[in-house]
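A.B. asks: Below: one structure in structure tokens.
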Amino acid sequence: MEHSAFKPLMIRQSSLTRLGSMLNTAVGHSKKPANGEIQWCFSQVKGTLDDEITEADIISCVEFNHDGDLLATGDKGGRVVIFQRDPGSKTSVPKRGEYNVYSTFQSHEPEFDYLKSLEIEEKINKIRWLRRKNPAHFLLSTNDKTIKLWKVSERDKRAEGYNLKDEAGEMKDKGVLTGLRVPVLKPMELMVEASPRRIYANAHTYHINSISVNSDAETYLSADDLRINLWHLDITDQSFNIVDIKPANMEELTEVITAAEFHPTDCNHFVYSSSKGLIRLCDMRMAALCDRHAKLFEEPEDPANRSFFSEIISSISDVKFSRSGRYMLSRDYLSVKVWDLHMETKPIETYPVHEYLRSKLCSLYENDCIFDKFECCWGNNDQAILTGSYNNFFRMFDRTSKRDVTLEASREIARPKTTLKAKKICSGGKRKKDEVSVDSLDFNKKILHTAWHPTENIIAVAATNNLFIFQDKF
């Protein structure tokens, strides 16, 4: 019930040569138009394209593993679906981004907290992959309260010829044994098993919004609205509180934690963002409790843009380190910003996502859309940015050319090799033939969750209950 105490706050809150061309093809780079931009095309869509949508089927998180061979999604029904890259699509020239269902399992079930008379949803808030150490795969999944470590493994052989068991697995009468035999392994149909190896519970009073695996591959953090905990992967009954911003008097609460992430290579550094639009970088070497940040990243507010909605739209919904670890990407309601870890005073780049909505903040406040939490992600080389918008639009920004494009994930383009056409939004005046009026945007169709393959131009976009996979033009 304590969570409701700060709910009002959250509301405020030319190829050069033939050889060069062949090399590009070999590494999976597609032909690009003269302006150097990637041409994106449809590859696959997962899920039904019916108008009838079941709440439990709505996708709530998307995550590639470290080599991009597996793609995991979580939904509001507590299920995790893992897709595996088709082996033929990796070796074809040019490469294709095709994924097939690998494993599906129920990660979380709905629960009830009797002490607080509170229902705990089964919705999967976050999925994070662990780096692979053996033939099995491991991932962390979390709902509002409980984090689970899952092992996903393959079995294609079974043991036969036991001495004390029959073929059905029943124990034999020892009196009928006439000799000893060595059991043998025989081939069987491939079976993918998902089993929970650890359950980390009872450590969060408020709703978990982030989990992040450390580069040391031994620890991870989990963050809720007011606290961040540090866990060891092998220990389930103990965690260390490393950030606590809960005031003694909840009436004095002025901000909540919105996202947190470990640095990709420095195991002692992590960042967390807040509803005030601040990003704090903490160093765990400084103190056991990281209440004092090492760096504070904040952009001064322009008094000319001050309005009733300023606090709400400045709240950061997602923060991500670049793959190099030098930069950070943050997403607020209207923009994405790139921060240099060496400069705290302001972002080095700001990209407006849907500035045309600034004039509609009042209606977006009334229908609660202004509280939507959009995620953002880096391209495979840190030179591109991907994030979502409304009307099933998603935005891409090229940091080198400073160009941006709006694309749409819709059933109309769900045909193989269909090239995505850029969308233009008209915010006023006379609308051109190929433009979309801002008044006709469907705010129920929103892309909150996106992921980019770690080494190739393949993206996964969650549009309500559908997972769209796009790749560069082949």
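A.B. asks: Looking at the range 121-194, which chymotrypsin sites (Phe, Trp or Tyr not before Pro) are DSSP coil and have at most 15 other C-beta atoms within 10 Å of their C-beta?
C.D. replies: Counting only loop positions with at most 15 other Cβ atoms within 10 Å, the chymotrypsin sites (Phe, Trp or Tyr not before Pro) in the range 121-194 are Tyr162.
A.B. asks: If you build the convex hull over the alpha carbons only and average its shadow over all orientations, what do you get for the range 303-368? Give it in nm² to one decimal. Show your work: numbers first, answer last.
C.D. replies: Details: hull surface 20.7 nm².
Reported value for the Cα convex hull: 5.2 nm².
A.B. asks: Above 11 angstrom, tally the Cα pairs of the range 250-293 and express them as a % of all pairs, no decimals. Display every interim value, and only then the final one.
C.D. replies: On the way: 633 of 946 pairs.
Cα-Cα pairs of the range 250-293 separated by over 11 Å account for 67 percent.
A.B. asks: Among 119-125, 68-74, how do they line up by average Cβ neighbours within 10 Å per residue, starting with the highest?
C.D. replies: Numbers: 119-125: 18.6, 68-74: 23.1.
Peptide ranking by packing, descending: 68-74, 119-125.
A.B. asks: What are the chymotrypsin sites (Phe, Trp or Tyr not before Pro) within the range 282-369 that DSSP puts in a loop, where the Cβ has at most 10 other Cβ atoms within 10 Å?
C.D. replies: Details: sites: Phe297, Phe308, Phe309, Phe321, Tyr327, Tyr333, Trp339, Tyr356, Tyr365; in loops: Phe308, Phe309, Tyr333.
Listed in order of number, the matching sites are Phe308.
A.B. asks: Sticking with this one: For the range 132-210, report the translational diffusion coefficient in µm²/s to the nearest whole number, using Stokes-Einstein at 4 °C, 1.567 mPa s, and a Kirkwood Rh over Cα pairs. Don't skip to the end; give the middle numbers.
C.D. replies: Working: Rh = 16.4 Å.
In µm²/s, the coefficient is 79.
A.B. asks: Show me, for the range 215-225, the HN-Hα J-couplings you get by feeding each phi into the Karplus relation (A = 6.51, B = -1.76, C = 1.60, θ = phi - 60°), rounded to Hz, glycine and proline as x.
C.D. replies: In residue order, the calculated couplings are 5, 6, 6, 10, 10, 8, 10, 10, 10, 10, 5 Hz.
A.B. asks: What is the range 40-136 by shape, rounded, prolate or oblate, if you read a ≥ b ≥ c off the alpha carbon gyration tensor as root eigenvalues and call it rounded for a/c under 1.5, prolate for a/b larger than b/c, and oblate otherwise?
C.D. replies: Working: a/c = 3.29, a/b = 1.69, b/c = 1.95.
Oblate shape, in that a/c is at least 1.5 and b/c is the bigger or equal ratio.
A.B. asks: With Kirkwood's inverse mean 1/r over C-alpha pairs for Rh, give me the Rg to Rh ratio of the range 166-259, two decimals please.
C.D. replies: Values: Rg = 24.5 Å, Rh = 18.2 Å.
Checking Rg against Rh, the ratio lands at 1.35.
A.B. asks: In deg cm²/dmol and to the nearest 500, what is the mean residue ellipticity at 222 nm of the chain if only DSSP H runs of at least 4 residues count, each as -39500 (n - 2.57), divided by the residue total?
C.D. replies: On the way: 5 runs with 31 residues, N = 474.
The helix-only estimate for the chain comes to -1500 deg cm²/dmol at 222 nm.
A.B. asks: Expressed as a whole percentage, what fraction of the accessible surface of the chain belongs to carbon and sulfur atoms when a 1.4 Å probe is rolled over the protein heavy atoms?
C.D. replies: Details: 12110 of 24260 Å².
Ligands and nucleic acids excluded, carbon and sulfur give 50 percent.
A.B. asks: Find how much the distance from Glu170 to Asp302 grows on full extension, using 0.36 nm per residue of separation minus their present alpha carbon separation; answer in nm with one decimal. If you can, show how the numbers build up before the last one.
C.D. replies: Working: separation 132, 0.36 × 132 = 47.52 nm, distance 7.51 nm.
Once the chain is fully extended between Glu170 and Asp302, it gains 40.0 nm.
A.B. asks: Please label the shape of the range 44-88 as rounded, prolate or oblate, based on the square roots a ≥ b ≥ c of the eigenvalues of the alpha-carbon gyration tensor (a/c under 1.5 means rounded; beyond that, a/b larger than b/c means prolate, else oblate).
C.D. replies: Values: a/c = 3.33, a/b = 1.64, b/c = 2.03.
It comes out oblate by the Cα gyration axes.
A.B. asks: Taking amide H positions as placed in the peptide plane 1.01 Å from N, state which residues far from Lys295 in sequence (5 or more) or on other chains have amide H under 5 Å from it.
C.D. replies: Close amide H contacts, sequence-distant or interchain: Leu281.
A.B. asks: How large is ³J(HN,Hα) for each residue in the range 135-146, as worked out from phi by the Karplus curve 6.51 cos²θ - 1.76 cosθ + 1.60 (θ = phi - 60°), to whole Hz, x for Gly and Pro?
C.D. replies: x, 7, 10, 10, 9, 9, 10, 9, 9, 5, 10, 10
A.B. asks: Quick one: which of 458-468, 108-118 comes out on top by average Cβ neighbours within 10 Å, and what's the full order, highest first? Working shown, then result.
C.D. replies: Values: 458-468: 24.5, 108-118: 12.0.
So the order, starting with the most tightly packed, is 458-468, 108-118.
A.B. asks: Whole-Hz Karplus ³J(HN,Hα) for the range 43-48, in order, using 6.51 cos²θ - 1.76 cosθ + 1.60 and θ = phi - 60°, x for Gly and Pro?
C.D. replies: So the Karplus estimates, Gly and Pro as x, are 10, 8, 9, 10, x, 6 Hz.
A.B. asks: What order, most packed first, do the peptides 269-275, 165-171 have when packing is the mean number of other Cβ atoms within 10 Å of each residue? The partial results should precede the final answer.
C.D. replies: Details: 269-275: 24.4, 165-171: 8.4.
Taking the mean over residues of other Cβ atoms within 10 Å, the ranking is 269-275, 165-171.
A.B. asks: For a label point 7 angstrom out from the Cα of Leu118 toward its Cβ, which stretches of the range 222-264 have the backbone nitrogen within less than 11 Å?
C.D. replies: 225-226
A.B. asks: What size of dipole, in debye to the nearest 20, comes out for the range 126-191 about its Cα centre when the only charges are +1 on Lys and Arg C-beta atoms and -1 on Asp and Glu C-beta atoms? Don't skip to the answer; put the middle values down first.
C.D. replies: Values: 16 positive and 9 negative charges, 127 e Å.
Roughly 620 debye for the range 126-191.
A.B. asks: If you don't mind, there's one more thing I want to ask. Using the heavy atoms of the protein chains alone and a 1.4 angstrom probe, what is the accessible area of the chain per residue in square angstrom? Show your work: numbers first, answer last.
C.D. replies: Values: 24260 Å² over 474 residues.
Using a 1.4 Å probe on heavy atoms only, each residue of the chain averages 51 Å².
A.B. asks: For labels at Glu160 and Glu218 in the simple 7 Å Cα→Cβ model, what's the distance in nm?
C.D. replies: Simple spin-label model gives 4.5 nm for this pair.
A.B. asks: Isolated Cys in the chain by the 4.7 Å beta carbon test?
C.D. replies: Lone cysteines by the Cβ rule: Cys41, Cys61, Cys267, Cys362, Cys369, Cys376, Cys377, Cys426.
A.B. asks: Here is a follow-up. If you take the square roots of the eigenvalues of the alpha-carbon gyration tensor of the chain and sort them as a ≥ b ≥ c, do you get rounded (a/c under 1.5), prolate (a/b over b/c) or oblate? Don't skip to the end; give the middle numbers.
C.D. replies: Working: a/c = 1.77, a/b = 1.25, b/c = 1.42.
Taking the square roots of the gyration eigenvalues as a ≥ b ≥ c, the chain is oblate.
The values are calculated or read from the model by the stated rules, or taken from the named source; none is laboratory data. Remember, predicted model here, so these are calculated numbers, not experimental data. FYI the Cβ positions are ideal-geometry reconstructions off the backbone, even for glycines, and counts take in every protein chain you see. With ligands, DNA and RNA removed, areas are computed over all heavy atoms of the protein, side chains included. Shrake-Rupley method; radii C 1.70, N 1.55, O 1.52, S 1.80 Å.
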